[in-house]
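Beneath this line is the structure, given in structure tokens, with notes to follow.
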Amino acid sequence: MSLYPEARFMISAADPVQFPDDAGSEVAIAGRSNAGKSSAINALLNRRSLARTSKTPGRTRLLNFFEVAPGARLIDLPGYGYAAGPREERMQWGTLIEGLAPRRSLRGLLLIVDARRGLLEGDHQLLAWAASLSWPVHVLLSKSDQLTRTDAQRVLKETVRIVQDSAGTRTHLSAQLFSAHKGSGMDEARATLEGWLGLPPRRSTTSTPLQRGQLP
Ligand code: GDP
């Protein structure tokens, strides 16, 4: 039984004019290419291949909107960080993302960061931008199954410290360990998503306990 039976792909937008109506609530999800964003979306929504759409050639540079439940959307931002593509493509990326800035539906940003690598350049830029817009940010330190417990805790602590430094004074910033493959951190990540989207909590029974570093 799916946790979000109504979850569906809505549209790949190449231009802000194609964005769905700015009504209801939405959460943006971003990360460097290969950080584990598609795996995270599929795991969070408990769908094996919903986010495959975002990997379809031609759609990787677009903003992909998913409806999680009526009036509640997830916006999959294009992955960044690979040796920059053509200049026009980078400009298109910027224009698309900037198009989200005025949206009143936007409740927060889920930032997917490979726990083995930590925050890298594009992540810092996105954090600074989110802070300038007073968007709450929750970092999922993905692939945490690849780290020892000690290393995972060290990365979590370090990430919390860095995002705290990037925070606007009233912006909510938090981070947690996450593994799409093992399901660890799933309940906590879903709780953040559901809280932002205003959805009633849905829990799987198999998730492992959470490890969280939340800022005051
Ligand atoms: P995206 O480019 O950010 O959408 O990344 P993908 O979701 O396609 O994942 C990139 C690679 O990381 C793939 O080889 C995935 O199998 C791997 N990956 C994603 N999540 C996990 C995880 O939780 N644990 C491990 N070990 N690998 C993962």
- Query: Would it be correct to say that Arg117 is of a type outside the set (A, V, I, L, M, F, W, C), under 29 Å from Asp15 (Cβ atoms), out of contact with any Phe, Trp or Tyr (no Cβ under 9 Å at 6 or more places or on another chain) and in a loop (DSSP other than H, G, I, E, B)?
  - Reply: no
- Restricting the stretch 1-38 to residues that are among the hydroxyl-bearing types (Ser, Thr, Tyr), closer than 19 Å to Glu194 by Cβ and not in a strand (DSSP E or B), which is modelled with the highest pLDDT? Tyr4
- Query: Out of the stretch 133-174, which residues are within 16 Å of the ligand (Cβ to nearest atom), assigned to a loop (DSSP other than H, G, I, E, B) and surrounded by 15 or more Cβ atoms within 10 Å (Cβ to Cβ)?
  - Reply: Lys143, Leu147
- Note on the structure: For the stretch 1-35 the number of residues that are among the aliphatic types (A, V, I, L, M) and free of Cβ contacts under 8 Å to residues at least 40 places away in the same chain is 2
- Message: Looking only at the stretch 104-128, count every residue that is closer than 30 Å to Ala23 by Cα and surrounded by fewer than 17 Cβ atoms within 10 Å (Cβ to Cβ) and tell me the total.
- Response: 4
- Item | Scan of the stretch 51-73 for residues that are touching a helix residue (DSSP H, G or I) at 6+ places or on another chain (Cβ under 7 Å), farther than 19 Å from Gly122 by Cβ and modelled with pLDDT of 80 or more, ordered by number | Phe66, Val68, Ala72
- Query: Out of (1) at pLDDT below 95; (2) in a loop (DSSP other than H, G, I, E, B), the odd one out for Ala130 is which?
  - Reply: (2)
- Task: Could you tell me whether Asn34 is in contact with a helix residue (DSSP H, G or I) (Cβ under 6 Å, 6 or more places away or on another chain) and within 14 Å of the ligand (Cβ to nearest atom)?
- Result: no
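The values are calculated or read from the model by the stated rules, or taken from the named source; none is laboratory data. As the structure is a prediction and not an experimental result, all values here were calculated from the model. Don't worry about glycine lacking a Cβ; one is built from the backbone with ideal geometry, like all the others, and counts go over all protein chains shown.
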